[in-house]
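*Asks:* This is the structure, below, for whatever I ask next.
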Amino acid sequence: MTRHVKESFSNGGGPAPIPGPAAPAPAPAPAALAAKVRTLAPSMTRSMQRVAEAVAGDPAGCAALTVTGLAELTGTSEATVVRTARLLGYPGYRDLRLALAGLAAQQQSGRAPSVTADITVDDPIADVVAKLAHDEQQTLADTAAGLDTIQLGAAVTALAAARRTDIYGVGASGLVAQDLAQKLLRIGLIAHAHSDPHLAVTNAVQLRPGDVAIAITHSGSTGDVIEPLRVAFDRGATTVAITGRPDGPVAGYADHVLTTSTARESELRPAAMSSRTSQLLVVDCLFTGVTQRTYEKAAPALSASYEALAHRHSPRTR
């Protein structure tokens, strides 16, 4: 069956659906709204960013506004407000207002976390620990809230049945790729991580239907990762993108898109730190799901690997 590259949806659409009967995607839960804003704001137009920042900063106040009122507040147009709502995953502005009301209720109950200040060069180390811990927790919560479990389940199904899995990533994402490959190997699956772009493409050429290729790229536009994924896609392998930019070019060659979230980047906290945290959560979800699906084979394989390595973790005797 011929497969076609998906169109970019930076114009306000959502991730391309999983092949099968069409069904409307559920609107994000209120808890996922702030995470969606943090994830998608960098790819929005400046006018859409103003709308997104307004609803995330004052959900209670914006929930009381009509579409015209919010447009006037942000100095934009009604069309921009509607486009922003749709990009955030809501069918229309009415659905966004309902989510804003729910988010405001959560904040009033004390469940919503506060935002910490950026780390500065003068911060005591105790403050650095506290701020980093808070940001890591927020990143994980945002990723969990925004992760599409339907896409995740489909990726798990493909991995559990795969003849072979190739994983592409460079830099910090390359470390995450290695982590996933190691985990899959320990439960008896054939998996390889590739950070060298030439080797990645060479291996991708050998893939076929029944295999899986996974691209890990926070920006969604890393050419060294997109190229092997495109080759794998053209060869008929099931393709998965783990990215912080679901509207990026990598999504055009992905059957399943798993979106990660990140904490705010700063001078002392580069994007690679927060993106790695959210990517590792997605990787752990994939691994755990595959282990559940293949438990009868996975459990003995895990036991065998533990036993094979046990002597390396015991005190040596002379």
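*Asks:* Starting from the Cα of Tyr295, move 7 Å in the Cα-to-Cβ direction to define the label point; list residues of the range 144-159 whose amide nitrogen is under 12 Å from there.
*Replies:* None, by backbone N distance to the label point.
*Asks:* Each residue of the range 122-134 in order: what ³J(HN,Hα) in whole Hz does its phi give by Karplus 6.51 cos²θ - 1.76 cosθ + 1.60, θ = phi - 60°, with x for Gly and Pro?
*Replies:* After applying 6.51 cos²θ - 1.76 cosθ + 1.60, I find 9, 5, x, 4, 5, 5, 4, 4, 5, 5, 5, 4, 5 Hz.
*Asks:* Going by Cα centres, the range 141-167 and the range 68-108 are how many Å apart?
*Replies:* 30 Å
*Asks:* Write down the Å³ per residue value for the convex hull defined by the alpha carbon atoms of the range 177-252.
*Replies:* 81 Å³
*Asks:* Remind me, relative contact order of the range 34-112 in percent, using alpha carbon pairs under 8 angstrom and six or more residues apart?
*Replies:* Here the relative contact order equals 29 percent.
*Asks:* Next up: Compute log10 of I(q)/I(0) for the range 60-174 with the Debye formula, placing one identical point scatterer on every Cα and leaving out solvent, at q = 0.14, 0.17, 0.22 Å⁻¹, to two decimals.
*Replies:* Computed log10 I(q)/I(0) values: -0.94, -1.06, -1.18.
*Asks:* Over its Cα atoms, what ratio of radius of gyration to 2.2 N^0.38 Å does the range 151-220 give?
*Replies:* Relative to the rule-of-thumb radius for its length, the range 151-220 sits at 1.04.
*Asks:* Let me check I've understood the local charge: for Leu40, count other residues with C-beta under 10 angstrom from its C-beta, Lys and Arg +1, Asp and Glu -1. What total comes out?
*Replies:* Values: positive: Lys36, Arg38, Arg245; negative: Asp247.
So the surrounding residues net to +2.
*Asks:* Separate question: Output ³J(HN,Hα) for the range 50-59: one whole-Hz value per residue in order, computed from phi by the Karplus curve 6.51 cos²θ - 1.76 cosθ + 1.60 with θ = phi - 60°, and x for Gly and Pro.
*Replies:* Taking θ as phi minus 60°, the curve returns 4, 5, 4, 5, 5, 6, 6, x, 9, x Hz for the range 50-59.
*Asks:* Find how much the distance from Thr288 to Val129 grows on full extension, using 0.36 nm per residue of separation minus their present alpha carbon separation; answer in nm with one decimal.
*Replies:* 54.4 nm
*Asks:* Here's something else I'd like to know. Expressed as a rounded percentage, what relative contact order does the range 176-237 have, with Cα pairs under 8 Å and six or more residues apart?
*Replies:* Numbers: 54 pairs, mean separation 21.3, N = 62.
Result for the range 176-237 is 34 percent.
*Asks:* Calculated FRET efficiency, His311 and Arg208, Cβ-Cβ r, R0 22 Å, to nearest 0.05?
*Replies:* For R0 = 22 Å, the calculated efficiency reads 0.05.
Only the coordinates and a few stated rules stand behind these numbers; no lab work does. Since the model is a prediction, treat every value here as computed from it, not as a measurement. Note: ideal-geometry Cβ built from the backbone for every residue, glycine included; neighbour counts use all protein chains shown.
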